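Enquirer: Right, I'll just put the structure down here and ask away after.
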Amino acid sequence: MSDTEFEHNDNKEIEEDYYEDDGNLMSDHKEFLLLNDPTKYVYMRRVVQRPYAKKNEIYLSNNGKFIYYVKRVKNLLFNQKEKEIIIHGLGAAISLAVKLSLYLQKDIEGLTLSTTTSSEEIIDQYDPLVNDLEPVLKIRHASAIHIKIINDGSSTNVNSSSTTVATTLTPINFRTTSKKANSQSKENKKLLKRQELDKKVEQARSQQKQQRELREQARLQQQQQQHQEDNNQ
């Protein structure tokens, strides 16, 4: 085979890949327009699924009040004598997590920070407004930050600007048996909801996989038909 034939085959493969990518983009664009059509679908914001938070973990909300988080961290440090506190910030709450941790490190002596990042799965749900359409679950990823605030034992001296806040915190009340039972019941409900969500996510992934396989089969059939037509000619 000559160099010219090699070059021709390479160009043909590049052209096929280009049209395949272009077709995928067109399909994604049509799906985007369909899901964002207010007469066809309604977007349902789903609560981000996360593991059960421990006592020393704080998940920040972008709409949360800064002073509330400051008081909560100081309550854990000085009233509940926690040695480590982990602050989690997802998406738009990342800047709040950084601001909060730096403020605490400056305001309280003896604190050290340890930071890690991750990518978290977020599920977008689209419910149909038309009978002949199916609900759609879309999985996307968002950046997250996890800041560990470590108390080395010398952070009992608080700067003068925060002394009042630390000393006016209410003491911890021990939970009664009924409150513990209610808390356990809530945890069980959360676990069941999380399991149901996991099943829906698996179903959505399975449906997406089947759709990709069907598209691939259709593409191969189209190529075979085109090849047969070229041979007949």
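The values are calculated or read from the model by the stated rules, or taken from the named source; none is laboratory data. Please read these numbers as outputs of a predicted model, since none were measured by experiment. Cβ placement follows ideal geometry from the backbone for every residue including glycine, while neighbour counts extend to all protein chains displayed. To get the accessible areas, we keep the full protein, side chains included, count just its heavy atoms, and leave off ligands, DNA and RNA. Shrake-Rupley method; radii C 1.70, N 1.55, O 1.52, S 1.80 Å.
Enquirer: Kindly indicate the residue of segment 70-91 that is surrounded by 16 or more Cβ atoms within 10 Å (Cβ to Cβ) and within 20 Å of THR117 (Cα to Cα) and also nearest to the chain's Cα centre (by Cα) among those meeting that condition.
Expert: Among residues in segment 70-91 that are surrounded by 16 or more Cβ atoms within 10 Å (Cβ to Cβ) and within 20 Å of THR117 (Cα to Cα), the one nearest to the chain's Cα centre (by Cα) is LEU90.
Enquirer: So which residues in segment 32-44 are closer than 21 Å to ALA142 by Cβ and either surrounded by 15 or more Cβ atoms within 10 Å (Cβ to Cβ) or in contact (Cβ under 8 Å) with a residue 60 or more places away in the chain (or both)? Even if it seems obvious, please write down each step before you answer.
Expert: Within segment 32-44, the subset closer than 21 Å to ALA142 by Cβ is 32, 35-36, 43-44.
LEU35, TYR43, MET44 - these are the residues of segment 32-44 that are closer than 21 Å to ALA142 by Cβ and either surrounded by 15 or more Cβ atoms within 10 Å (Cβ to Cβ) or in contact (Cβ under 8 Å) with a residue 60 or more places away in the chain (or both).
Enquirer: May I ask you to list pairs of residues, at least six apart or on different chains, whose Cβ atoms are under 7 Å apart, with the first in segment 51-78 being over 14 Å from LYS99 (Cα atoms) and charged (D, E, K, R) and the second being outside any helix (DSSP H, G or I) and open to solvent by 30 Å² or more (accessible area, probe 1.4 Å)?
Expert: Pairs found: GLU57/ILE86; LYS71/LEU169; LYS74/LEU169.
Enquirer: May I pose another question? Quick one: ILE94 ticks every box in (1) open to solvent by 60 Å² or more (accessible area, probe 1.4 Å); (2) over 23 Å from LYS199 (Cα atoms) except a single one, so which number is it?
Expert: (1)
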